[in-house]
Structures are given as C-alpha cells and as structure tokens.
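Enquirer: Dropping the structure in here first, questions after.
The values are calculated or read from the model by the stated rules, or taken from the named source; none is laboratory data. No experiment lies behind these values; they were computed from the predicted model shown. All Cβ positions, even for glycine, are placed from backbone atoms using ideal geometry, and neighbour counts span all protein chains on display.
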Ligand SMILES: Nc1ncnc2c1ncn2[C@@H]1O[C@H](COP(=O)(O)OP(=O)(O)O)[C@@H](O)[C@H]1O
Ligand SMILES: O=P(O)(O)OC[C@H](O)CO
C-alpha cells in the first residue's frame with residue numbers, strides 16, 4: 001500500500017457510498033510480503049473501511065527470509081477488527097471472509113499441540129539455493145527428465161513434457177522444506193511419528209481461525225508450491241517421491257471458493273464463515289476480472305508477477321512461464337501461466353531506507369525531472385534473478401556510476417529496471433505461450449507509478465489498464481468469498497462492478513529504448529553468478 005508510513009493505517013471511505021448502505025458486507029484480506037491489509041466491501045464492491053499493517057520480515061542470516069507466525073497472527077486479527085471498525089459496521093454484518101496470501105511461504109507444526117516448529121520460511125528465502133543447484137544437476141533428475149522426455153515422445157502427455165523440463169527453484173516450497181527436514185531434527189521426528197502438518201500461510205491461518213478444526217488449502221495455493229501436479233489436480237507423487245516428502249504431511253486441497261469452516265466465535269465474537277482461500281496472484285487475476293483466455297495481469301508489488309489466463313487446461317512448462325491453477329469453483333477450472341521477477345517493491349523500499357526519497361510516490365517526479373539516467377543501470381536482484389535468466393547467485397548492482405551521478409539518476413535507473421524486467425517477462429510470455437493477448441491490467445503498489453506504467457506500455461507496445469482500486473488481491477478474495485455465499489450472483493455481475501482509473505497507451509516506439517535496454521541486459525549479465533565467485 002502506498003504511503004504506509006507508520007506501522008498501521010486505517011481508512012474510512014466514501015460517505016456517498018455509505019448513504020445507500022446495504023447491511024451486509026464481505027471481507028477481503030491480502031497477506032502480502034510487504035503489507036497485510038483488509039478491506040470491507042459492500043454489494044457494489046466499494047471499500048467501506050480498511051486497515052493495513054506492515055509485515056515484519058525477519059532476516060536471521062544473509063539470504064534467509066522468515067516471518068514470525070505469532071506476530072503475523074496478531075496483525076491478521078488486528079487488521080480485521082480495525083477494518084470493520086473503520087467501516088462503522090458490526091462483525092455480525094460480515095457474511096464471509098476471503099483470504100489471499102503470498103504463496104509458497106510455509107510453516108510446519110505439531111499436529112497434536114498445534115505449536116509451530118519454526119518461523120514461516122518465505123518464498124524469497126534463498127537458504128535452499130545449494131540444494132536447488134545440486135538437485136537440478138543430479139543424476140536422479142537427469143534420469144527423470146530423460147525418461148519423461150522419452151515417455152512424452154510416445155504418449156504426447158503434457159505432464160511428461162512438463163516433468164522432462166522441470167527444474168526446482170528456491171521459490172518453490174519443496175527444497176526449502178527439505179532443508180527444514182534436514183536441519184531441524186524435531187520436524188523430521190514429527191514426520192516419522194505422523195505428527196507433522198505442513199501449511200502455506202492460508203492453511204495455517206485457517207488452522208488458527210478455526211482453532212485447529214479445519215486443515216485445508218485450495219488449488220491455487222497448492223499449485224504454487226512446486227509440489228502439485230496441475231494436470232492430475234493433486235499433490236505430485238513424482239516430485240514427492242523423488243525428494244522423499246511424505247504426502248501425508250500435506251493438507252487436503254479444496255475449491256478456491258468453498259466453505260472452509262467458520263472462525264471460532266471467541267476470535268471476533270461471531271462465527272464468520274471462511275469462504276475463499278486463494279494465492280495472491282490468482283486472487284489479483286480474479287479481482288481484475290481476467291476471466292477470459294488471453295487476459296493478462298501485471299502485478300507490481302514486492303515482486304512482479306505477469307499472469308496470462310490459459311483457459312481450462314494447464315500449459316506445459318517451456319522454461320520461464322510455469323503452469324498454475326488460477327481458481328477452481330465447482331466444475332470450473334481456470335489455468336494460468338506465470339512468470340515473475342523477485343525484486344520490484346523491494347528495490348523501492350531499499351532505496352527509501354537509504355534516504356534517496358522519503359515517500360515512494362516521490363520517485364515518479366524524480367525520474368521525470370531527468371532526460372535519462374545518464375547511462376546508470378540498476379540490476380534488481382536482491383533475491384537472485386528469475387526467468388529467463390534463473391540465477392539465484394546474481395547480485396543487485398548499479399553500473400555506470402559517474403561523478404555527476406545524483407540520487408535522481410539512481411532512482412530513475414531503479415524505475416527503468418522495473419520496466420525493463422516487465423518487457424523481458426512480456427517477451428518471454430509471447431515466445432512461450434501461444435495465446436493472443438486480449439486485455440492487460442495492472443495492479444500492486446508500484447502501479448501507482450505513472451513513469452513505470454508509461455515506460456512499460458511503450459516497451460511492450462500495448463495498452464495497460466490501471467483499475468480505480470489496485471488492491472486487487474483483496475478484491476479477488478472478497479469476490480470469490482462473495483460468490484460462495486451468494487453476495488454476488490455470478491462473474492458477469494462482478495465484471496459490471498469493475499472500475500478502470502486510467503489506460504496507459506504506447507507513446508514512444510520501442511526502438512527509442514532499444515540501446516538502453518541492451519546496456520541494461522549487459523549490466524544484468526555482468527551481475528550474474530556473482531556469489532559463486534566470492
Ligand atoms: N508511487 C509509487 N512508486 C513506486 N513504488 C510504490 C509507489 N507506491 C507504492 N510503491 C511500492 O509498492 C510496494 C508495495 O506494493 P504492494 O502491492 O502493497 O505489496 P505486496 O502485496 O507485495 O505486499 C512497496 O514496495 C512500495 O514502496
Ligand atoms: O507478496 P507478493 O504480493 O509480492 O506476492 C508473493 C507471491 O505470492 C509469491 O509467490
């Protein structure tokens with residue numbers, strides 16, 4: 001959320017909307033990597049009250065990123081109470097709760113006592129980088145890929161093709177979980193005694209909200225762990241067998257919009273039903289009403305996530321874009337292909353901490369006050385480089401610094417790097433996914449920035465629509481929940497409620513950026529494999 005200066009923020013909204021007050025509401029929550037927020041939505045999908053708090057990541061060692069589950073739980077409960085209060089409504093008026101979460105961040109806990117064994121291990125955490133490298137180069141994986149290639153040749157099975165190209169990544173939960181099992185004997189012991197539960201944030205929040213009576217995840221979250229087979233729509237026996245993760249520690253997978261159980265009465269005074277669990281990118285896709293094949297959304301939050309709706313069957317893996325389940329509602333399954341860049345908002349926050357500016361909103365004017373970055377390039381790689389380069393050992397860097405370089409050039413170079421990464425991801429999507437793009441819609445905190453939005457539109461030569469409210473993960477979770485309890489009738493109704501704030505149209509030709517982008521790519525290449533050299 002832009003302008004979140006203090007630890008917390010509460011907003012009261014739109015008195016005109018209040019006048020026509022319908023008496024029932026749904027809550028949409030987004031547990032992001034930077035911010036945890038809750039909005040109270042009325043039937044017109046207007047926000048009636050909000051609350052947000054900054055997520056405190058813990059960095060116990062370089063490359064390690066964790067979240068304290070007790071702190072997160074306290075914040076989760078607080079933002080719900082504060083948002084409902086800010087909306088001026090009562091808890092009993094809330095008909096359902098939808099929760100969207102950062103994905104593949106996981107925890108394990110003791111099945112009998114409910115106590116967690118360790119902090120959440122974030123999707124940004126790099127502790128498994130060595131494991132990833134050795135597994136990807138292992139004989140087992142080479143044999144697996146080779147035999148699946150042969151099987152695909154005879155069967156034309158998309159699953160076989162996907163496994164033949166499968167590579168682990170640190171963003172998958174799989175090898176971070178293996179790291180935990182190898183390094184925390186207590187967890188390994190619990191697994192052996194059938195006393196260990198694995199959960200991504202959605203599963204663990206559900207466990208807390210229902211005081212241990214519900215244990216589940218949804219298809220969208222499961223499909224992002226790296227342990228799921230989107231073709232069979234179940235946990236992947238192949239991957240689990242290869243790395244020796246017992247399937248018994250994984251939660252049952254349910255529809256995205258589903259009655260997951262009710263919040264224990266002691267928490268909010270009334271038993272609110274939890275009616276949607278959804279991964280944040282899939283949720284943003286739903287909130288943006290990207291319901292048709294070819295619809296694209298570009299989320300620029302902590303990281304950048306570019307997703308395309310690929311219809312009702314998953315695409316096989318081609319290298320950079322990975323197949324995911326968008327959502328499953330009854331018989332309807334919508335699949336996505338996604339590519340991502342790990343460092344977007346993280347670069348803005350880093351620069352802010354260095355006092356290059358005091359508020360992220362200033363960056364736009366700083367960049368626009370210059371003709372160009374004077375040959376300064378930034379490589380956004382605090383968390384390694386994802387596809388198409390896939391290098392967890394790349395470093396973040398500035399190149400081309402001069403005596404004349406000011407903080408304005410540095411800020412412009414950071415913003416340009418976000419747009420260049422967008423272009424790189426968009427080109428990869430076009431190469432790998434043979435589906436014509438219909439609409440492109442942006443969201444996430446960094447889409448506040450008109451400089452980044454315009455430059456991205458120029459670079460990809462497409463119109464990009466920015467919605468009126470861009471907390472799309474909250475809206476997606478709320479609308480998935482609302483559909484589940486009949487608050488809204490169908491997706492057509494949701495489409496009518498969607499409000500666009502601005503459409504960015506290409507203004508400059510790609511050729512005008514070509515040389516700069518080539519230089520930026522050169523800087524990126526020089527930053528690769530850095531941590532192997534030291
Ligand atoms: N005007 C802006 N220009 C650039 N970055 C911005 C702007 N407003 C907010 N941000 C950045 O957006 C990020 C937060 O985005 P958000 O979507 O809320 O994150 P997440 O959902 O990943 O927690 C922060 O890094 C913040 O600095
Ligand atoms: O926290 P966000 O919004 O950047 O999203 C994180 C992703 O869900 C990780 O897969």
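Enquirer: List pairs: first in region 258-270 and in contact (Cβ under 8 Å) with a residue 60 or more places away in the chain, second buried (at least 17 other Cβ atoms within 10 Å of the Cβ) and assigned to a helix (DSSP H, G or I), Cβ under 6 Å, 6+ apart or cross-chain?
Expert: Close Cβ pairs satisfying both conditions: 263/209; 268/91; 269/91; 270/91.
Enquirer: Further question: Take region 283-334 and flag every residue that is at pLDDT below 95 and more than 29 Å from residue 164 (Cβ to Cβ).
Expert: Across region 283-334, the qualifying residues are 301, 302.
Enquirer: Sticking with this one: For region 66-75, how many residues meet the condition of being in a helix (DSSP H, G or I) and out of contact with any helix residue (DSSP H, G or I) (no Cβ under 8 Å at 6 or more places or on another chain)? Reasoning before the result, please.
Expert: Applying the first criterion (in a helix (DSSP H, G or I)) to region 66-75 yields 69-75.
Subset that is out of contact with any helix residue (DSSP H, G or I) (no Cβ under 8 Å at 6 or more places or on another chain): 70-71, 74-75.
Count: 4.
A quick yes/no check of all residues on (1) farther than 28 Å from residue 415 by Cβ; (2) more than 17 Å from the chain's Cα centre (by Cα):
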position	(1), (2)
280	no, no
285	no, no
291	yes, yes
305	no, no
328	yes, yes
336	no, no
345	no, no
367	no, yes
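Enquirer: Please find, within region 80-111, the residue that is surrounded by the fewest Cβ atoms within 10 Å (Cβ to Cβ) out of those that are outside any strand (DSSP E or B) and within 15 Å of ligand 2 (Cβ to nearest atom).
Expert: The selected residue is 104.
Enquirer: Now a separate question. Look at residue 120 and say whether it is more than 23 Å from residue 326 (Cβ to Cβ), touching a strand residue (DSSP E or B) at 6+ places or on another chain (Cβ under 6 Å), within 16 Å of ligand 1 (Cβ to nearest atom) and at pLDDT 95 or above. Spell out the reasoning first.
Expert: Numbers: more than 23 Å from residue 326 (Cβ to Cβ): yes; touching a strand residue (DSSP E or B) at 6+ places or on another chain (Cβ under 6 Å): yes; within 16 Å of ligand 1 (Cβ to nearest atom): yes; at pLDDT 95 or above: yes.
In short, yes.
Enquirer: If you check 360, 394, which single one turns out to be part of a loop (DSSP other than H, G, I, E, B), in contact (Cβ under 8 Å) with a residue 40 or more places away in the chain and more than 16 Å from ligand 1 (Cβ to nearest atom)?
Expert: Working: 360 fails: more than 16 Å from ligand 1 (Cβ to nearest atom).
One residue alone meets the criteria, 394.
Enquirer: Okay, next question. Looking only at region 256-276, which residues are more than 19 Å from residue 227 (Cβ to Cβ), crowded, with 22+ Cβ neighbours inside 10 Å and under 24 Å from the mean Cα position of the chain (by Cα)?
Expert: 257, 260, 274, 275, 276, listed by residue number.
Enquirer: For region 426-467, give me each residue that is under 20 Å from residue 322 (Cα atoms) and assigned to a strand (DSSP E or B).
Expert: 440, 441, 442
Enquirer: Could you grab me the full set of residues in region 277-336 that are over 25 Å from residue 484 (Cβ atoms), surrounded by fewer than 24 Cβ atoms within 10 Å (Cβ to Cβ) and touching a helix residue (DSSP H, G or I) at 6+ places or on another chain (Cβ under 6 Å)?
Expert: Once the filter is applied, which keeps residues that are over 25 Å from residue 484 (Cβ atoms), surrounded by fewer than 24 Cβ atoms within 10 Å (Cβ to Cβ) and touching a helix residue (DSSP H, G or I) at 6+ places or on another chain (Cβ under 6 Å), region 277-336 yields 316, 317, 318, 320.
Results for (1) touching a helix residue (DSSP H, G or I) at 6+ places or on another chain (Cβ under 9 Å); (2) away from ligand 1 (no atom under 16 Å from the Cβ); (3) under 22 Å from residue 196 (Cα atoms); (4) in contact (Cβ under 8 Å) with a residue 24 or more places away in the chain, shown as yes or no for each residue.
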residue: 31; (1), (2), (3), (4): yes, no, no, yes
residue: 35; (1), (2), (3), (4): yes, no, no, yes
residue: 56; (1), (2), (3), (4): yes, no, no, no
residue: 60; (1), (2), (3), (4): no, yes, no, no
residue: 77; (1), (2), (3), (4): yes, yes, no, yes
residue: 83; (1), (2), (3), (4): no, no, no, yes
residue: 108; (1), (2), (3), (4): yes, yes, yes, yes
residue: 128; (1), (2), (3), (4): yes, yes, yes, yes
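This table checks each residue for (1) under 17 Å from residue 292 (Cα atoms); (2) without any contact (Cβ under 8 Å) to a residue 60 or more places away in the chain.
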site	(1), (2)
470	no, yes
473	no, no
479	yes, no
484	no, no
487	no, no
491	yes, no
494	yes, no
498	yes, no
510	no, yes
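Enquirer: Quick check on region 487-501: of everything there that is modelled with pLDDT of 95 or more and either part of a loop (DSSP other than H, G, I, E, B) or in contact with a helix residue (DSSP H, G or I) (Cβ under 8 Å, 6 or more places away or on another chain) (or both), which residue is surrounded by the fewest Cβ atoms within 10 Å (Cβ to Cβ)?
Expert: Out of the qualifying residues, it is 490.
Enquirer: Of all the residues that make up region 468-486, how many are farther than 13 Å from residue 301 by Cβ and either in a helix (DSSP H, G or I) or within 16 Å of ligand 1 (Cβ to nearest atom) (or both)? Steps first, please.
Expert: The initial filter retains those residues of region 468-486 that are farther than 13 Å from residue 301 by Cβ, namely 468-469, 475-486.
Add one more test, that the residue is either in a helix (DSSP H, G or I) or within 16 Å of ligand 1 (Cβ to nearest atom) (or both), and what stays is 468-469, 475-484.
Number satisfying all stated conditions: 12.
Enquirer: Please enumerate the residues belonging to region 280-323 that are over 21 Å from residue 428 (Cβ atoms), within 16 Å of ligand 1 (Cβ to nearest atom) and out of contact with any strand residue (DSSP E or B) (no Cβ under 7 Å at 6 or more places or on another chain).
Expert: Listed by number, the list holds a single entry, 287.
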